[in-house]
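What follows is a short report on a single structure.
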Amino acid sequence: MTLTIRRFAFASLAAMAVAACGGGDTVEAENESVESVNKKIAAADLKPNPGRWESTMTFDKIEMPGMPAEMQEMMKSQMGKATTTSSCLTQEQVDANDGEMFKPGDTPGCTYNKFSMGNGTIEADMTCSEGGTAQNMKMAGSYSEDAYDMTINADGKVEGQPMSMQMSIKSKRVGDCTGNEES
């Protein structure tokens with residue numbers, strides 16, 4: 001999996017985990033590691049409500065001019081198509097509040113240029129670098145203890161070619177866990 005897609009997937013999962021939080025505290029960070037921001041979120045006691053969460057992701061834009069035509073067509077066919085998944089967030093996971101629920105994967109080489117979360121809004125600007133390749137991701141949206149709405153933009157290069165993606169994620173708590181969730 002390329003750096004770009006791997007980092008984009010990380011950003012999406014991070015947005016889902018972080019944005020689902022509630023609470024009145026504010027977290028602000030500049031030029032800090034993902035781990036440092038995760039610790040600040042855990043210390044602020046921003047928590048989502050446990051239960052079954054359903055999330056819908058939609059790719060709004062994918063531009064990779066250097067990509068072979070057949071791959072461009074395949075990606076274009078995914079534009080605007082919504083994919084819904086479900087997950088179960090247990091009370092134990094919420095109570096643990098150790099910051100790990102805000103770190104959904106390996107994040108070496110990533111730094112938050114700026115991060116702001118509080119009063120129902122979240123904004124983040126993150127840069128990830130690996131092997132001489134860098135990607136910038138921006139996330140913005142709103143959240144509560146039971147729902148969030150997020151837009152994620154990613155720009156960078158894949159194998160020396162420019163890449164730009166935009167995706168939206170909407171999620172809400174829909175009740176108690178059923179045992180049939182994907183994760």
- Lys114: net charge of surrounding residues, Cβ under 10 Å, Lys/Arg +1, Asp/Glu -1, itself excluded? -4
- Eigenvalues of the alpha-carbon gyration tensor of segment 140-183, times 5 and square-rooted, give semi-axes in Å, largest first, of 31, 15, 6
- Task: Add +1 for every Lys or Arg and -1 for every Asp or Glu among the other residues with Cβ under 12 Å from the Cβ of Gln78, and state the total.
- Result: +1
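As a test of reading the structure, rank Cys88, Cys110 by solvent-accessible area (1.4 Å probe, protein chains only), most first. Display every interim value, and only then the final one.
Numbers: Cys88 40, Cys110 10 Å².
Highest to lowest solvent-accessible surface, that is Cys88, Cys110.
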- Message: Can you report the principal axis dimensions of segment 45-183 using only the alpha carbons, biggest first, rounded to whole angstrom?
- Response: 46, 32, 25
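The values are calculated or read from the model by the stated rules, or taken from the named source; none is laboratory data. None of the values given here were measured: they were computed from a predicted structure. Cβ: placed from backbone, ideal geometry, glycine included. Neighbour counts: every protein chain shown. Surface accessibility is based on the protein's heavy atoms, side chains included, excluding ligands, DNA and RNA. Shrake-Rupley method; radii C 1.70, N 1.55, O 1.52, S 1.80 Å.
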